[in-house]
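Undergrad: My questions all concern the structure below.
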2 protein chains.
Amino acid sequence: MTERTKYLLAEDDIPTTWYNLRADLADAPSHLHPGTGRPVTVEDLVPIMPRALAEQELTGEREVEIPEPVRRLYALWRPSPLFRARGLERSLDTPARLYYKYEGVSPVGSHKPNTAVAQAHYNKEAGARRLATETGAGQWGSSLSFAGALFDLQVQVYMVKVSYHQKPHRRLLMQTYGGRCVASPSEETEAGRRVLAEDPDCAGSLGIAVSEAVELAMADPLTNYAPGSVLNHVLLHQTVIGQEAIAQMALADDYPDVVVGCAGGGSNLGGLAFPFLGAGFAGGPRVRVVAAEPAACPTLSRGRLALDFGDAAGLTPLLRMHTLGHSYVPPPLHAGGLRYHGMAPLVSAAVEAGLVEAVALEQSACFAAGVAFARAEGLVPAPESAHAVEAAIREALRCKEEGRAETILFGLSGFGHFDLSAYEAHLSGALHDAPYDRAGVAAALAALPRPGRG
Amino acid sequence: MTERTKYLLAEDDIPTTWYNLRADLADAPSHLHPGTGRPVTVEDLVPIMPRALAEQELTGEREVEIPEPVRRLYALWRPSPLFRARGLERSLDTPARLYYKYEGVSPVGSHKPNTAVAQAHYNKEAGARRLATETGAGQWGSSLSFAGALFDLQVQVYMVKVSYHQKPHRRLLMQTYGGRCVASPSEETEAGRRVLAEDPDCAGSLGIAVSEAVELAMADPLTNYAPGSVLNHVLLHQTVIGQEAIAQMALADDYPDVVVGCAGGGSNLGGLAFPFLGAGFAGGPRVRVVAAEPAACPTLSRGRLALDFGDAAGLTPLLRMHTLGHSYVPPPLHAGGLRYHGMAPLVSAAVEAGLVEAVALEQSACFAAGVAFARAEGLVPAPESAHAVEAAIREALRCKEEGRAETILFGLSGFGHFDLSAYEAHLSGALHDAPYDRAGVAAALAALPRPGRG
């Protein structure tokens, strides 16, 4: 082990391909057409996304080449640094070695631009004029607005209403980049109006916001839908994170026993962990992968593996995933990026294959971990990332109890600069844990779609 | 010229010494004791700062070694990246080559931690328990709170009242790090109470906040004063910026004709530009240095070179600097970090020596430049940094007019994530330029101190 604090790579070390876990899974899931119950084809997808991305969504190739213009834009913030968390190790007095891969160095402060610039690139090439999307905490909406500005594409963001009001600064960031942001459910789409008719005070959900964005994309030939997570091609784009991390762990002359990431839709976890799983498939060491999710929205811990819609209105293909039911509206959470009823099919499949385990964490414990991390390491984590910090701390304390010097790598997916009001609520004792809504989930699971009978 | 977007250095490339411009100036300014009119000594300073920093304040050595623990902490974010601003070049259609050195990668998003961790280190070594300081926009207060957390030092911040209310998130950031922040003028100090007695609605100023912090440090032997700018040792610590930039320009196989930085107290400009001036003194190419300051607080453009206090109450030594008068309270500005009545003595001396020129810019032009930069390069600049962007754009447009392919390097001292309300005001047309207060400055200049007669 070397004695460094930070492991850097050069611009030339930005990966040249994305890694596709699908190629290594024995039982790779397909998306199904809700009407026919048959696997979705590229032609089914091209009405709302460029052909290149539709092909990436369905491909079984193990490596997909990263276009040179995308790599050049990646260079605005990539390779991102990997840190040894020496301050946190000291404060925990653990024999474990802790590392974190920090994606907050991107212009908007999260991992989301890794796919935003790729999607904007392919959409620009395909002649799209506008991108429509959902956003929870605003990480994705601001990332797509950033990418839209670079490619001169209009961006329309449906932002989950509770976050729209909790996090006005992420909305302002979108507007500074020239993006247009409305609170979801909105009056601008049929999907939004239908929800508001039933519940005018609906706090919104990622599922509802996806419906609004997909509806807009379906209605306008020059508008495409740009997903922020869940879908295969989004996770594919995020694998630059884990590929860099593997190279950086080699610089540290170390290798993780455990890889930890927070998981909402699954793109952050997949981006960091899948390349390590791929290295394992290629004969390298096996790692444990831990998905940290909110106790109030525990898709992997308490959801059912089923075919379900990615959105609330049922406009998307059916995805084989762990789900709490697409009609479920999760309770308000400060980690809005983790507030999603489902989980990426590839992450779900990896869980089924025993490659990924899940842990469900209370919000208050995660904010406490975030403060401890900020004071030990200097960076204030986003509430989503604080879930990964808390899960990593638990692993480090387990190592202390067991007297094991394991190596733990966790993803710090973004910074918490736009979440300081939530930190203030935590520090002042005003932040409470959201309870798990057993009845709401049960009702939503009872309403799961039945493929082929739509 | 290479074709890269970003020029990175390795952790080992973090400078090992700070560069002291004072050694190269023929007529280096001294601070004077206000009572005796004689040059300040180390013993005069040790009541409020560690001996090591007092010595750095007065040293004539050209290089000062950076302690290894400070270099290790620098590695949390240093070396910072240097970018070629290709997007901005394209949008301006200029033959000039534009580069920017980006300090927003630090944990708090500005250049300020470069001196914060150094000062915290020396204070911890000297046995201090608490640091007291002023802050304008909150960049410095959050940086010192960050450094205090790493060294287990208490931090007390007096934040200029107008910024305290305009920028609540920077205050929350300080609190997340464990710092204590009060609005200045406060009721907690004699200096604050005196101002409030005269004007209960006083918006505050950096000069008043400095008085409060210095008063606290003078009253408590375990509390030291930690300045965020202006003083020699603060500018010294910031020279890591320019030293790295010189190495990065070499990687780009290029060298600046013009170096541009925003200037409030002067530490950002000095940190970037002084090493280039030093290289010139050592036989290297000469560069033009442009200080971008606000038109509403134009210390260099309209101030007088005089002996003046660094604070409003007259508790500091007399500094030979360009000043609008220590009793002057500048109008509210979103670039709170530039809202200071004086200018670092070393920057003032460099202006006198013809090494630095100044340009005064309106707030609205700077926000327009900030938006243009965000949409072309992806980063939203702090309002302070937007002054440098606007000045660099003017240089690039001059090059276009003159058909000259000059190389322009500017400092992007921090990000604007906590300043998005100001961007919103700009985008919605609600932001107005603050007028230059000729009468207020004239009155303050008439009240300049007369050394040796206090």
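Undergrad: For chain A, what is Rg from Cα atoms divided by 2.2 N^0.38 Å, rounded to two decimals?
TA: For chain A, the normalised Cα radius of gyration is 0.89.
Undergrad: Which residues does a label at B:Asp201 reach in segment B:140-170, if reach means a backbone N under 18 Å from a point 7 Å past the Cα toward the Cβ?
TA: The answer is B:161-166, whose backbone nitrogens lie closer than 18 Å to the label point.
Undergrad: When the Debye formula is applied to the Cα atoms of segment B:46-92, each taken as the same point scatterer, what base-10 log of I(q)/I(0) results at q = 0.13, 0.16, 0.27, 0.30 Å⁻¹?
TA: Normalising to I(0) and taking log10 leaves -0.58, -0.70, -1.01, -1.04.
Undergrad: Related question: Could you name the aspartates and glutamates in cross-link range of B:Lys400, using Cα to Cα under 17 Å and dropping any fewer than eight places away on the same chain?
TA: Answer for B:Lys400, where 17 Å is the Cα cut-off: B:Glu89, B:Asp93, B:Asp257, B:Glu390, listed by chain and number.
Undergrad: Using only the alpha-carbon atoms, how far is helix A:267-281 inclined from the longest principal axis of chain A? Give it as 0 to 90 degrees, nearest 10.
TA: 60 degrees
Undergrad: How many angstrom separate the Cα center of segment B:262-307 from the Cα center of segment B:361-406?
TA: Comparing the Cα centres of segment B:262-307 and segment B:361-406, I get a distance of 18 Å.
Undergrad: Expressed as a rounded percentage, what relative contact order does segment B:234-341 have, with Cα pairs under 8 Å and six or more residues apart?
TA: 23 percent
Undergrad: Loop only per DSSP, at most 12 neighbouring Cβ atoms within 10 Å: give me the GluC sites (Glu not before Pro) in segment B:170-223, ordered by residue number.
TA: Values: sites: B:Glu187, B:Glu188, B:Glu190, B:Glu198, B:Glu212, B:Glu215; in loops: B:Glu187, B:Glu188.
Answer by residue number: B:Glu187.
Undergrad: Which order do the peptides B:58-66, B:371-379, B:257-265, B:232-240 come out in when sorted by mean C-beta neighbours inside 10 angstrom, highest first?
TA: Highest mean packing first, the order is B:257-265, B:232-240, B:371-379, B:58-66.
Undergrad: List the lysines whose Cα sits under 19 Å from the Cα of B:Lys124, skipping any in the same chain fewer than 8 residues away.
TA: Those lysines meeting the cut-off are B:Lys112.
Undergrad: What full-extension length gain, to one decimal in nm, is calculated for A:Glu357 and A:Glu187 as 0.36 nm per residue of separation minus the Cα-Cα distance?
TA: This chain segment gains 57.2 nm when fully extended.
Undergrad: If we hang a label 7 Å off Cα along the beta carbon direction at A:Pro285, how far is it from the matching labels on the other copies, in nm, shortest first?
TA: 4.8
Undergrad: Per 10 Å bin, what percent of the C-alpha pairs of segment B:217-311 does each bin hold, from zero upward?
TA: For segment B:217-311, the pair-distance distribution reads 15, 38, 29, 14, 4, 0.
Undergrad: Sorting A:Met159, B:Met343, A:Met249 on the 10 Å Cβ count, fewest up front, what's the list?
TA: By the 10 Å Cβ count, ascending: A:Met249, A:Met159, B:Met343.
Undergrad: Within 12 Å, Cβ to Cβ, of B:Leu172, how many net charges do the neighbouring residues add up to if Lys/Arg are +1 and Asp/Glu are -1? Could the numbers behind the result be given before it?
TA: Values: positive: B:Lys167, B:Arg170, B:Arg171; negative: A:Asp419, A:Glu424.
Charge balance in the 12 Å sphere: +1.
Undergrad: Another question, if that's okay. For helix A:363-377, what angle does its Cα long axis make with the longest principal axis of chain A, in degrees from 0 to 90 and rounded to 10?
TA: Value to nearest ten degrees: 50.
Undergrad: Could I ask something else about it? Return A:Val157, B:Val117 ranked ascending by Cβ neighbour count within 10 Å, so the fewest neighbours appear first.
TA: Ascending number of Cβ neighbours within 10 Å: B:Val117, A:Val157.
Undergrad: Using the number of other C-beta atoms within 10 angstrom as an exposure proxy, rank A:Ser186, B:Ser143 with the fewest first.
TA: Details: A:Ser186 20, B:Ser143 34.
So the ranking, lowest neighbour count to highest, is A:Ser186, B:Ser143.
Undergrad: Tilt of helix A:206-219 relative to the longest C-alpha principal axis of chain A, in degrees (0 to 90, nearest 10)?
TA: With rounding to tens, the tilt is 50 degrees.
Undergrad: To continue, here is another question. What does the copy distance list look like for A:His33, label position 7 Å along Cα→Cβ, in nm and ordered from shortest?
TA: In nanometres, ordered from closest: 9.1.
Undergrad: In cubic angstrom, how much convex hull volume per residue do the alpha carbon atoms of segment B:65-182 span? Could the numbers behind the result be given before it?
TA: On the way: hull volume 14.6 nm³, N = 118.
So the per-residue hull volume is 123 Å³.
Undergrad: A further question on this structure: For the protein assembly as shown, take the convex hull of the Cα atoms, compute a quarter of its surface area, and give me that in nm², please.
TA: Dividing the Cα hull surface by four gives the mean projection, 35.0 nm².
Undergrad: Give a residue-ordered list of calculated ³J(HN,Hα) values for segment B:387-393 (Karplus: 6.51 cos²θ - 1.76 cosθ + 1.60, θ = phi - 60°; whole Hz; x for Gly, Pro).
TA: 5, 5, 4, 4, 5, 5, 4
Undergrad: Pop a pseudo-label 7 angstrom from the Cα along the beta-carbon direction at both B:Ala446 and A:Ala282 and give the gap in nm to one decimal.
TA: The modelled label-to-label distance comes out at 7.7 nm.
Undergrad: Estimate the FRET efficiency between B:Glu63 and A:Arg404 by the formula 1/(1 + (r/R0)^6), using the beta-carbon distance for r and 60 Å for R0, to the nearest 0.05.
TA: 0.85
Undergrad: Can you say what percent of the DSSP beta bridges in the protein assembly as shown, counting only those with both residues inside, are antiparallel? Round to 5.
TA: Of the beta bridges lying entirely in the protein assembly as shown, close to 35 percent run antiparallel.
Undergrad: A further question follows. Please state, as a whole number in µm²/s, the translational diffusion coefficient that the Stokes-Einstein equation yields for segment A:1-113 at 20 °C and 1.002 mPa s, with Rh defined as the Kirkwood radius across alpha carbon pairs.
TA: Approximately 122 µm²/s, per Stokes-Einstein.
Undergrad: Shortest first and in nm with one decimal, please list how far the A:Asp152 label point sits from its counterparts in the other copies (point 7 Å along Cα→Cβ).
TA: For A:Asp152, the other copies' label points sit at 5.8 nm, shortest first.
Undergrad: With the cut-off at 1.5 for a/c, could you classify segment B:290-360 from its C-alpha gyration tensor as rounded, prolate or oblate?
TA: Oblate is the answer for segment B:290-360, as a/c is 1.5 or above yet b/c matches or exceeds a/b.
Undergrad: Taking the axis that carries chain B onto chain A, what is the nearest Cβ in chain B, and at how many Å, to the whole number?
TA: Result for the B and A rotation: B:His417, 2.
Undergrad: Further question on the same structure: With a cut-off of 8 Å between alpha carbons and a minimum separation of six or more residues, what is the relative contact order of chain B in percent?
TA: 20 percent
None of the figures in this text is laboratory data; all of them are computed from the coordinates on show. Model, not experiment: these values are computed from the prediction. Virtual Cβ from ideal backbone geometry, glycine too; neighbours counted across all protein chains shown.
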